[in-house]
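Comments concern the structure below.
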Amino acid sequence: MEVNELLIWARGPAFNMALAIFVFGMLLRLFEIISLGRKSDLSAARDSGLSGGLRTIFSRSLPRKTVFAREPLRILNGYILHIGLFVVIFFYRPHIELLGLDLAGLSSSVIDAVTVITILSLFAALLMRLYSPVLQHISTVGDYLAWLITLLPLITGYMAYHHLMLDYTQMLAYHILSVELLLVLAPFTKLTHMFSFVLARWYQGYLAGRRGVES
Amino acid sequence: MSKPSIKKGIDFIKAQIDAPVASFFSSCVHCGLCAEACLFYTESGDPKYTPINKVEPMRRIWEQEYTMLGKLKSALGLTKPVDEETFKKWETMVYDGCSLCGRCSVVCPVGNDISGMVRKIREGFAAAGYAPPDLIGATQRAVEIGSPMGVKLPAVKAQLRHLEEDTGLKVTLDEKGAEYMVLLSSMEIMNFPEYLEAIARIMKQAGKTWTIASTAFEATNSGIQIGVSDLAKVIVSRIVDAAEELGVKTVISPECGHAYTAVRWEGPNLIGRPYKFEVKHILEVLDEFTKAGLIRTEGMEESRLTYHDPCQIARKGGIVEEPRRLLNQIASNFVEMSDAGAMNWCCSGGGGVSANERAEEIKLTAFNRKKSQLDALKVDTLVTACANCRLTLEEGLEHNGMDIPVVGLTEMVAEHLVEEESVS
């Protein structure tokens, strides 16, 4: 396949297919969760489960002091990674055009810097995973796979933008293909958490809310 | 308990998996922060005590039984089965190394209720026959005799007789139409009889009618700690039957954390219907009495003291402000521990750990967290509101050569009641 053809394929049919798998896969995963249902709680509520659930969806984005004091770097790195990914995905002008969003976007040099920071943050996360005894103990192949498929679009995007190693068109095609790999695999890795965290926080927050417990 | 088997254990775990559990496992990113909230990990440094690792067998069963991808992986032989080895290996993590304190659940960034899942997975371990012998014994005694420590009605009657001789306060058993039915924990009957006297004096001053049911004086529920819902139901049903038979308005859960969780939150779900009465923890009742002016206190404790929040009462029960309001009325030198309130560290003996002799070593290791909290505070007195915390704290302090008396808040309030004669 010619480089141009590859790019056209990657941008067109391949992207649509990957997006379809992503959407369908995520819906399937969420259906797998919700369809299990839960028994209604018959104990007398002290307070509202509804407001507890809604509150926890947001409040859990901030760490508890007691844990932050023990692992400040791991937690800060988590913020950098998530905010970095959000910014490079949704605030880079070519992405905005592609996604048809109505956002002003950020200048390419800012996006470039955020990309570097996000890549460094991913490597910091990898080092923590490799060297912390707790993380060693609980890590699985899936954790490294999720790490890799998150890293590839960042690296290829960065290299395409800076015309590194390969011809721009070819690198751009690889960048798009790596995003498609991410889209296809995300529903089947821990990256499901990008949506399911809302459910998890809701369920725990609901329980806590009924008991009048902060969560 | 019917004959345990691995198959039964797996089936029981399957039965516990619902949408919340599936959402928790789907969301876990293996960040490991739960470990930093767990005193069994922070004090031992052993990563096997990472909370999410304790429920790994449940995760495997969820993946293999309730996800398409997991079924596919199983078919290709890519998943780890849950077998006898798994139960053997995880038993001590599930029971000895977890007090169900719930700190992990509140720090999880994606919102996973990990301690709730440990509570659930215990159902499977008990059904498979992999539960601590001491907890099995306690549960059998609770079902057969009526109390996990084997305390029988005559012991309660003897306490009531002593109470009458010492104070002239008479408590009638099984009094129909009383407003309150008071529950006790075995530990209060055997080790801390001050509690009963305190209740009698407080109720007298408040002018409330109360009784103790001869068929349901025991509040604790080891069925919940070991994770056998059938037996937990038998134990809680006694309380429900007695309370509804006597027609009381409110059942008072004693100074015992897990008893409160059992009777207040799990009970209605175990029996499958709401109660016809209210359940309140004694601290809630004391706070209400004080607010309504039904009880009045005088004098202040002057010693430097702090309050240990029992996990099931504060973090999992929502009772955080009540003990502080009460203490501020009767103590002039009340200081807070680090992480006090909803984030307090467990005493290390909850969730059946203190009743499990095999867990003694890890429990004393985990107690070092409380020790360092107390070392930093330098208090003369430690106040709490859970007989199990109290005993665990006393043992831990003793073990570390620390001379700090541990007092129940209810009895401290009773000591400061305005003398009867001066109340009109």
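The values are calculated or read from the model by the stated rules, or taken from the named source; none is laboratory data. Keep in mind that what you see is a predicted model, and the values were worked out from it rather than measured. Quick reminder, even Gly has a Cβ in these numbers, built from the backbone with ideal geometry, and neighbours come from all protein chains shown.
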(message) Name the single residue that is farthest from A:Leu183 (Cα to Cα) among those in the stretch A:18-37 being without any contact (Cβ under 8 Å) to a residue 24 or more places away in the chain and facing another protein chain (nearest Cβ under 8 Å).
(response) A:Gly37
(request) Using the structure shown, decide if B:Glu164 is of a type outside the set (Val, Ile, Thr), part of a loop (DSSP other than H, G, I, E, B) and surrounded by fewer than 19 Cβ atoms within 10 Å (Cβ to Cβ). (result) no
(request) List the number of the failed condition for B:Ser222; all other conditions in (1) modelled with pLDDT under 95; (2) touching a strand residue (DSSP E or B) at 6+ places or on another chain (Cβ under 8 Å) hold. (result) (2)
(request) Spot the failing condition for A:Leu177; the list is (1) surrounded by 15 or more Cβ atoms within 10 Å (Cβ to Cβ); (2) of a type outside the set (Val, Ile, Thr); (3) free of Cβ contacts under 8 Å to residues at least 60 places away in the same chain, and only one is missed. (result) (3)
(message) Looking at A:Gly100, A:Gly49, A:Gly84, A:Gly12 in this structure, which one is more than 9 Å from chain B (Cβ to nearest Cβ) and under 30 Å from B:Lys276 (Cα atoms)?
(response) A:Gly49
(request) Those residues that are surrounded by fewer than 17 Cβ atoms within 10 Å (Cβ to Cβ), of a type outside the set (D, E, K, R) and either in contact (Cβ under 8 Å) with a residue 60 or more places away in the chain or touching a Ser or Thr at 6+ places or on another chain (Cβ under 6 Å) (or both), I need them from the stretch A:155-174; list them, please. (result) A:Thr169, A:Gln170
(request) For the stretch B:1-23, name all the residues that are within 7 Å of chain A (Cβ to nearest Cβ) and touching an Asp or Glu at 6+ places or on another chain (Cβ under 8 Å). (result) B:Ile17, B:Pro20, B:Ala22
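Could you list all residues from the stretch A:154-193 that are within 14 Å of chain B (Cβ to nearest Cβ) and in a helix (DSSP H, G or I)? Reasoning before the result, please.
Let us first name the residues in the stretch A:154-193 that are within 14 Å of chain B (Cβ to nearest Cβ), namely A:184-193.
Of everything in the stretch A:154-193, those that are within 14 Å of chain B (Cβ to nearest Cβ) and in a helix (DSSP H, G or I) turn out to be A:Val184, A:Leu185, A:Ala186, A:Pro187, A:Phe188, A:Lys190, A:Leu191, A:Thr192, A:His193.
Is it the case that some residue within the stretch B:189-198 is under 23 Å from B:Gln140 (Cα atoms), in contact (Cβ under 8 Å) with a residue 24 or more places away in the chain, more than 21 Å from the chain's Cα centre (by Cα) and buried (at least 19 other Cβ atoms within 10 Å of the Cβ)?
Our first condition is that a residue be under 23 Å from B:Gln140 (Cα atoms); within the stretch B:189-198, this holds for B:189-191.
Keeping just the survivors that are in contact (Cβ under 8 Å) with a residue 24 or more places away in the chain gives B:189-191.
Still in the list and also more than 21 Å from the chain's Cα centre (by Cα): none.
No: the stretch B:189-198 contains no residue that is under 23 Å from B:Gln140 (Cα atoms), in contact (Cβ under 8 Å) with a residue 24 or more places away in the chain, more than 21 Å from the chain's Cα centre (by Cα) and buried (at least 19 other Cβ atoms within 10 Å of the Cβ).
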(request) Give the stretch B:327-339 a look and list any residue that's part of a loop (DSSP other than H, G, I, E, B) and either touching a helix residue (DSSP H, G or I) at 6+ places or on another chain (Cβ under 9 Å) or hydroxyl-bearing (Ser, Thr, Tyr) (or both), or say none. (result) B:Ser332, B:Val335, B:Glu336, B:Met337, B:Ser338, B:Asp339
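Please note which helices (runs of 4 or more DSSP H) are completely contained in the stretch B:224-326 and include at least 2 residues that are of a type in the set (Lys, Arg).
Details: elements: B:229-246, B:257-260, B:267-271, B:282-291.
Counting at least 2 such residues, we get B:229-246.
I'm checking my understanding of the structure. Among residues of the stretch A:22-41 that are among the hydrophobic types (A, V, I, L, M, F, W, C) and surrounded by fewer than 17 Cβ atoms within 10 Å (Cβ to Cβ), which one is nearest to B:Gly111 (Cα to Cα)? Give the steps one after another, and end with the answer.
Going through the stretch A:22-41, the residues among the hydrophobic types (A, V, I, L, M, F, W, C) turn out to be A:22-24, A:26-28, A:30-31, A:33-34, A:36.
Checking which are surrounded by fewer than 17 Cβ atoms within 10 Å (Cβ to Cβ) leaves us with A:23-24, A:27-28, A:31, A:34, A:36.
Values: A:Val23: 23, A:Phe24: 24, A:Leu27: 20, A:Leu28: 21, A:Phe31: 19, A:Ile34: 16, A:Leu36: 18 Å.
The selected residue is A:Ile34.
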(message) For the stretch B:261-305: of the residues being within 10 Å of another protein chain (Cβ to nearest Cβ) and polar (S, T, N, Q), which is farthest from B:Ala216 (Cα to Cα)?
(response) B:Asn269
(request) With respect to A:Ser196, determine if the residue is at pLDDT below 95, within 8 Å of chain B (Cβ to nearest Cβ) and buried (at least 17 other Cβ atoms within 10 Å of the Cβ). (result) no
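On the given criteria, is A:Glu32 assigned to a helix (DSSP H, G or I), acidic (Asp, Glu) and modelled with pLDDT of 95 or more? Break it down into steps so the answer makes sense when it comes.
Numbers: assigned to a helix (DSSP H, G or I): yes; acidic (Asp, Glu): yes; modelled with pLDDT of 95 or more: yes.
Considered against the rule, which asks whether it is assigned to a helix (DSSP H, G or I), acidic (Asp, Glu) and modelled with pLDDT of 95 or more, A:Glu32 comes out as yes.
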(request) Having 1 or more residues that are among the acidic types (Asp, Glu), within 13 Å of chain A (Cβ to nearest Cβ) and farther than 17 Å from B:Lys316 by Cα is the bar; report the helices (runs of 4 or more DSSP H) wholly within the stretch B:24-126 that clear it. (result) B:33-37, B:39-44, B:56-66
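Specify the residue that is farthest from the chain's Cα centre (by Cα); the eligible residues are those in the stretch B:48-64 that are of a type in the set (A, V, I, L, M) and within 17 Å of B:Ala19 (Cα to Cα).
Looking only at the stretch B:48-64, we keep the residues that are of a type in the set (A, V, I, L, M), and these are B:52, B:55, B:58, B:61.
Adding the requirement that they be within 17 Å of B:Ala19 (Cα to Cα) leaves B:55, B:58, B:61.
On the way: B:Val55: 20, B:Met58: 23, B:Ile61: 28 Å.
Of everything passing the filter in the stretch B:48-64, B:Ile61 is farthest from the chain's Cα centre (by Cα).
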